[in-house]
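Below you'll find the structure, written out as structure tokens, and then a few comments.
The values are calculated or read from the model by the stated rules, or taken from the named source; none is laboratory data. What you see is a predicted model; the values in this text were computed from it and never measured. Cβ sites come from the backbone with ideal geometry, for glycine too, and all protein chains shown count toward neighbours. Quick note on the areas: whole protein, heavy atoms, side chains included, nothing else; ligands and nucleic acids left out. Shrake-Rupley method; radii C 1.70, N 1.55, O 1.52, S 1.80 Å.
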Amino acid sequence: MNLSSPLSHTVTERFLKYVTIDTQSDPASDSCPSTEKQKDLGLLLVDELLAMGVKDANLDEFGYVYATIPSNSAKKNVPMICFCSHMDTAPDCSGTGVKPIVHKNYQGVDIILPDDAQQIIKLLEHPDLKNQVGNDVITASGTTLLGADNKAGVAEIMDACYQLINHPEIKHGDIRILFTPDEEIGRGVDKADIKKLGAFAAYTMDGESAGNMENETFSADGAKLIIRGVSSHPGFAKGKMESAIKIAGQIIAALPFELSPEGTADMQGFVHPVNIEGHVETASIDFIIRDFEDEKLKAHANVIRNIAEGVLKNFPGSSYELITKAQYRNMKTVLDKHPQIVEYGMEAIKRAGMEAKLCSIRGGTDGSRLSFMGLPCPNIFAGEHAFHGKHEWVSVQDMQKAVLTILHLCVIWEERG
């Protein structure tokens, strides 16, 4: 089969079905998956894979979907590769009752979402829309996120499976499939069975613009600042009370703008308070700390520590404790040891007819942690844009290009095997 020829894609139909299934994850839950409803999509995917003829497709107790497309190559030494996407959607915006809308033959105008006319996807704010003129753009209706992050990736992998099974002339080695829960709350591979996967390399399909491939992520720490103040009856508090809540407020107010998410870009790291709770006697602030260089994480934590110490000079009866915890690390450290994994990805994008662009992510993916678990895993575009909000969108044509990229990757690994 000539992969430059048009395919009978199923990616759009699959995507439109998947986004209507609510799979929002919950950071307040300790279970795995954090919400049982994520298994609703997992069960559907297993059923579809079994119907295709993928005999070992299964959903485990933790909500992970595993499947294998056996090699059809005469070569015996083709490395097994894995394609991975996450099934959950972000807790930042509702994923209940998603109504996807296909805007056919998009003509470069602002898109007003019908269920809330105040929700407008503006061309000026979404520059990649300029590349979508003539394409079919999919949005939500205005009251929910769309779920392209990462159901676009799920649909693309599923369509690629369909193509591989229905076109045996596409030669490939063993292909493993992994769909994960809870990526959006940082637990996407907590229960992933790397030994069960058995792959040499993996690719997450969870990136943005068509043609992009990402081999570098933030390194990430979490931090909790605990403030212990002095409680007193408010009617008799003069000279006695040292409110932990007010101390926390002063610490947050003193954080430098140039070290905030809204004040940084490109390769700059940040310190970001994400939650505060407490009362007069005790308060706590949760932070996420991010940078591309591991050694800078400690320096960023020291910014919090120095601010806390400076504020507390005015509260002699109070104290603080700063606890930091590693979350994930820059996958480039691992991928640089296996350059062919990224090289083959870039070649696949080019063969799919796009200009390949190697990028860094101001964030993390399942691939960040998979790489350090022994499965090197860069990230390939899925076509998703404006994720975690009501303005999320993806185009049919970009999803199809992602499918073609997956297929070319399978071919390249077989050729070089």
Worksheet item: Say we look at region 76-90 and pick out the residues that are farther than 17 Å from His385 by Cα and surrounded by 12 or more Cβ atoms within 10 Å (Cβ to Cβ); which of these is farthest from the chain's Cα centre (by Cα)?
Response: Val78
Discussion item. Being open to solvent by 30 Å² or more (accessible area, probe 1.4 Å), without any contact (Cβ under 8 Å) to a residue 40 or more places away in the chain and either in contact with a Lys or Arg (Cβ under 8 Å, 6 or more places away or on another chain) or over 19 Å from Arg228 (Cα atoms) (or both) is the filter here; which residues of region 242-262 pass it?
Written reply: Phe257, Glu258, Pro261, Glu262
Worksheet item: Which condition number does Leu124 fail, the rest of (1) outside any loop (DSSP other than H, G, I, E, B); (2) open to solvent by 10 Å² or more (accessible area, probe 1.4 Å); (3) touching a residue at least 12 places away in the same chain (Cβ under 8 Å); (4) of a type outside the set (Val, Ile, Thr) being met?
Response: (3)
Worksheet item: If Lys151 satisfies every condition in (1) in contact with a strand residue (DSSP E or B) (Cβ under 7 Å, 6 or more places away or on another chain); (2) charged (D, E, K, R); (3) assigned to a helix (DSSP H, G or I) but one, which is the exception?
Response: (1)
Practice prompt. Would you check if His385 is at pLDDT 95 or above, touching a Ser or Thr at 6+ places or on another chain (Cβ under 8 Å), open to solvent by less than 20 Å² (accessible area, probe 1.4 Å) and not small (Gly, Ala, Ser)?
Written response: yes
Fill in: Tally of residues being open to solvent by 30 Å² or more (accessible area, probe 1.4 Å) and part of a helix (DSSP H, G or I) across region 15-58
10
Fill in: Residue among Asp266, Asp193, Asp221 that is under 24 Å from Ala326 (Cβ atoms) and buried (at least 19 other Cβ atoms within 10 Å of the Cβ)
Asp221
Practice prompt. Give the residue, chosen from Val394, Val403, that is touching a strand residue (DSSP E or B) at 6+ places or on another chain (Cβ under 9 Å) and under 25 Å from Glu13 (Cα atoms).
Written response: Val394
Discussion item. If I go through region 276-298 residue by residue, how many of them are open to solvent by 50 Å² or more (accessible area, probe 1.4 Å), part of a helix (DSSP H, G or I) and not basic (Lys, Arg)?
Written reply: 2
Worksheet item: Given the structure, is Glu355 surrounded by fewer than 22 Cβ atoms within 10 Å (Cβ to Cβ), charged (D, E, K, R), in contact (Cβ under 8 Å) with a residue 24 or more places away in the chain and within 24 Å of Thr12 (Cα to Cα)?
Response: yes
Response to the item:
Pairs returned, first residue in region 229-241 that is hydroxyl-bearing (Ser, Thr, Tyr), second residue that is open to solvent by less than 50 Å² (accessible area, probe 1.4 Å), beta-carbon separation under 6 angstrom, 6 or more apart or interchain, are Ser231/Val280
Worksheet item: Can we say Leu404 is among the aliphatic types (A, V, I, L, M), open to solvent by 10 Å² or more (accessible area, probe 1.4 Å) and more than 14 Å from the chain's Cα centre (by Cα)?
Response: yes
